[in-house]
């Protein structure tokens with residue numbers, strides 16, 4: 001198995017997910033299958049292939065520096081679980 | 001053991017665009033919280049970022065100004081981490097193909113010159129602003145925090161230097177030079193008070209002569225050039241002491257406290273950041289036409305180095321003066337406006353700007369373009385010296401008065417009766433008095449002590465309350481002695 005339980009725990013921590021021990025074991029197996037599948041690409045010779053920057057053949061989609069309309073603050077804050085003084089409120093950080 | 005410091009700077013600069021990096025919200029500073037947001041900069045699902053062309057152009061202009069290679073192909077990546085000031089839980093940034101690489105900045109230090117390499121310049125988006133409630137407003141000890149996303153998504157350029165900087169003075173000079181270049185280019189106002197220019201410093205020590213780097217600390221909260229210099233000086237002292245007593249340096253982020261004059265641990269790097277950069281699927285790559293880039297190069301304005309050369313060549317200024325005058329764009333602009341109005345020697349104008357005017361500006365912490373004294377004030381004052389109306393000593397008083405009130409020198413002179421006493425008879429009488437009142441000094445002068453003469457001139461100036469014509473006093477005193 002390429003993916004260890006430690007790897008799963010690390011990825012879960014990065015995504016701020018709390019996993020039970022059974023879940024860690026289950027996801028380790030599933031991630032392994034996914035990686036193995038993606039690993040098939042390694043069988044190809046990609047020496048002369050440029051890394052793909054994007055899946056669709058588009059480039060230089062840029063906008064002019066023009067100011068447009070913003071949301072009204074009460075709309076911007078509508079989904080905030082907590083707000084105060086027209087600001088989003090977040091729990092203590094450290 | 002002798003240690004050498006190895007310093008690299010990361011300079012973040014908010015670009016002076018009208019709209020944000022990936023949406024059309026205004027970038028205006030100081031508006032009410034959360035009035036400049038939209039689904040894109042709030043990170044709402046399904047919203048689509050589109051890069052601001054002007055921001056891209058500004059970064060390329062900066063790269064050209066500091067001799068970078070411009071990437072003809074570039075793209076945006078997602079930098080993944082969680083922090084409450086970032087609504088998407090990733091920052092759109094650049095990773096392996098930044099817009100500019102491999103530049104350099106030449107520094108003229110007081111008695112040597114050096115070159116600092118620039119590793120890369122990349123474009124990203126700024127984060128929101130946090131306001132910590134409780135715990136005296138500091139993050140540690142706060143009860144909770146408020147988030148204002150007006151700043152989230154403002155175009156942010158990061159300029160990363162090579163670890164080529166060796167002293168706190170070089171670090172300060174480098175950062176000042178970068179600011180002067182960016183202001184000349186018009187890509188940012190680089191206002192450190194408002195946070196549109198922010199400097200982080202990496203610093204480690206190594207024994208002189210060794211190649212490998214030591215363990216580094218990253219310094220944050222360097223909110224002024226003064227903090228940058230003092231924070232680094234403190235860090236050098238701290239790390240030297242630690243190394244000398246055999247202590248290991250821990251790789252960590254440290255916070256500079258301007259009032260306590262120390263740095264303290266903000267966080268240690270227990271494990272390396274795991275940002276999982278990957279190309280942002282919402283943003284397509286950028287490819288630039290070399291001709292377009294050459295066009296931008298041709299349009300570059302005069303930069304501080306060129307301006308400095310011109311001041312030395314056209315105005316005959318010494319390198320020292322020219323360096324100081326181009327340190328900020330505003331100082332150079334002030335000098336040139338003054339010289340255009342003045343028919344005398346540019347060096348005289350430079351002396352007044354770098355001497356008395358700078359003294360008052362620094363003492364009151366006022367920028368030269370925001371002060372009461374305009375080029376016209378200074379020129380009128382120097383004209384009054386040149387035509388003999390006032391002495392240089394009186395001029396120093398006038399500068400102080402102009403600085404406070406913004407009144408023109410002629411008005412001040414009239415109001416306060418400061419005109420110079422140039423009457424032959426009047427000065428002769430004063431010189432007689434001085435000779436009569438200071439027999440000891442007169443004797444010393446006759447014994448060949450040059451200093452005694454200066455003392456007597458000083459006494460005459462004192463009797464005229466600084467209004468005596470110094471040349472006339474000199475002349476008459478010599479005759480009468």
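The values are calculated or read from the model by the stated rules, or taken from the named source; none is laboratory data. All values reported here derive from a predicted model rather than from experimental measurement. Methodologically, a virtual Cβ is constructed for each residue, glycine included, from the backbone with ideal geometry; neighbour enumeration extends over all protein chains shown.
In the range B:96-112 there is at least one residue matching the filter, namely being buried (at least 17 other Cβ atoms within 10 Å of the Cβ), without any contact (Cβ under 8 Å) to a residue 40 or more places away in the chain and at the interface with another protein chain (Cβ under 9 Å from one of its Cβ atoms). For the range B:349-367, the count of residues that are surrounded by fewer than 19 Cβ atoms within 10 Å (Cβ to Cβ) and closer than 27 Å to residue B:475 by Cα is at least one. Please determine whether any residue of the range B:164-186 is within 30 Å of residue B:87 (Cα to Cα) and surrounded by fewer than 18 Cβ atoms within 10 Å (Cβ to Cβ). Yes, some residue in the range B:164-186 is within 30 Å of residue B:87 (Cα to Cα) and surrounded by fewer than 18 Cβ atoms within 10 Å (Cβ to Cβ).
For the range B:253-273, give me the residue count where each residue is without any contact (Cβ under 8 Å) to a residue 24 or more places away in the chain and assigned to a loop (DSSP other than H, G, I, E, B). Of the residues in that region, 6 qualify. Could you count how many residues in the range B:142-163 are surrounded by fewer than 21 Cβ atoms within 10 Å (Cβ to Cβ) and either under 17 Å from the mean Cα position of the chain (by Cα) or within 22 Å of residue B:120 (Cβ to Cβ) (or both)? Going through the range B:142-163 one residue at a time, the tally reaches 4. Inspect the range B:57-66 for any residue being at the interface with chain A (Cβ under 10 Å from one of its Cβ atoms) and touching a residue at least 60 places away in the same chain (Cβ under 8 Å) and give the result as yes or no. Checked against the condition, which is being at the interface with chain A (Cβ under 10 Å from one of its Cβ atoms) and touching a residue at least 60 places away in the same chain (Cβ under 8 Å), the range B:57-66 yields at least one hit. Selection of the range B:362-378 for residues being under 11 Å from residue B:331 (Cα atoms) and part of a helix (DSSP H, G or I) yields only B:375.
In the range B:338-347, the qualifying residues are those that are in a helix (DSSP H, G or I) and surrounded by fewer than 17 Cβ atoms within 10 Å (Cβ to Cβ), and the one that is nearest to the chain's Cα centre (by Cα) is B:347. Screening B:82, B:76 for residues that are closer than 17 Å to residue B:278 by Cβ, at pLDDT below 95 and more than 30 Å from the chain's Cα centre (by Cα) leaves exactly one candidate, B:82. In the range B:97-111, what count of residues is obtained for those that are in a loop (DSSP other than H, G, I, E, B) and within 17 Å of residue B:64 (Cα to Cα)? Residues meeting the conditions: 3. Among residues of the range A:67-76 being facing chain B (nearest Cβ under 7 Å) and out of contact with any strand residue (DSSP E or B) (no Cβ under 6 Å at 6 or more places or on another chain), the one that is surrounded by the most Cβ atoms within 10 Å (Cβ to Cβ) is A:76. Annotation: residue B:281 fulfils all but one of (1) assigned to a loop (DSSP other than H, G, I, E, B); (2) within 14 Å of chain A (Cβ to nearest Cβ); (3) in contact (Cβ under 8 Å) with a residue 12 or more places away in the chain; the unmet one is (3). So which residues in the range B:68-87 are surrounded by 14 or more Cβ atoms within 10 Å (Cβ to Cβ) and more than 14 Å from chain A (Cβ to nearest Cβ)? B:68, B:70 - these are the residues of the range B:68-87 that are surrounded by 14 or more Cβ atoms within 10 Å (Cβ to Cβ) and more than 14 Å from chain A (Cβ to nearest Cβ). Against the numbered list (1) in contact with a helix residue (DSSP H, G or I) (Cβ under 7 Å, 6 or more places away or on another chain); (2) in contact (Cβ under 8 Å) with a residue 12 or more places away in the chain, residue A:7 comes up short only at (1). Does any residue of the range A:14-25 turn out to be modelled with pLDDT under 95, surrounded by 10 or more Cβ atoms within 10 Å (Cβ to Cβ) and within 22 Å of residue B:127 (Cβ to Cβ)? Within the range A:14-25 (the criterion being modelled with pLDDT under 95, surrounded by 10 or more Cβ atoms within 10 Å (Cβ to Cβ) and within 22 Å of residue B:127 (Cβ to Cβ)), the answer is yes, since at least one residue qualifies.
What is the one condition in (1) assigned to a loop (DSSP other than H, G, I, E, B); (2) in contact with a helix residue (DSSP H, G or I) (Cβ under 6 Å, 6 or more places away or on another chain); (3) exposed (fewer than 15 other Cβ atoms within 10 Å of the Cβ) that residue B:302 does not satisfy? Residue B:302 satisfies all of (1) assigned to a loop (DSSP other than H, G, I, E, B); (2) in contact with a helix residue (DSSP H, G or I) (Cβ under 6 Å, 6 or more places away or on another chain); (3) exposed (fewer than 15 other Cβ atoms within 10 Å of the Cβ) except (2). In the range A:6-31, which residue that is under 19 Å from the mean Cα position of the chain (by Cα) and outside any helix (DSSP H, G or I) is nearest to the other protein chains (Cβ to nearest Cβ)? Applying the filter and picking the extreme gives A:16.
Selection over the range B:135-156 of residues that are at pLDDT below 95 and more than 7 Å from every other protein chain (Cβ to nearest Cβ) gives a count of 5. Of all the listed residues (A:3, A:34), the sole one being surrounded by 10 or more Cβ atoms within 10 Å (Cβ to Cβ), more than 9 Å from chain B (Cβ to nearest Cβ) and at pLDDT 90 or above is A:34.
Tell me which residues, restricted to the range B:1-24, are touching a strand residue (DSSP E or B) at 6+ places or on another chain (Cβ under 8 Å), more than 7 Å from chain A (Cβ to nearest Cβ) and in a loop (DSSP other than H, G, I, E, B).
B:1, B:2, B:15, B:20, B:21, B:22, listed by residue number.
Taking the criterion of being out of contact with any strand residue (DSSP E or B) (no Cβ under 7 Å at 6 or more places or on another chain) and closer than 26 Å to residue B:42 by Cα, the residues of the range B:59-88 that qualify are B:81, B:82, B:83, B:86, B:87, B:88. In the range B:25-56, of all residues being more than 8 Å from chain A (Cβ to nearest Cβ) and more than 21 Å from residue B:88 (Cβ to Cβ), the one that is surrounded by the fewest Cβ atoms within 10 Å (Cβ to Cβ) corresponds to B:30.
Table: residues versus (1) loosely packed, with under 10 Cβ neighbours inside 10 Å; (2) part of a loop (DSSP other than H, G, I, E, B); (3) within 14 Å of chain B (Cβ to nearest Cβ).
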site	(1), (2), (3)
A:39	no, no, no
A:49	yes, yes, no
A:55	yes, yes, yes
A:60	no, yes, yes
A:78	no, yes, yes
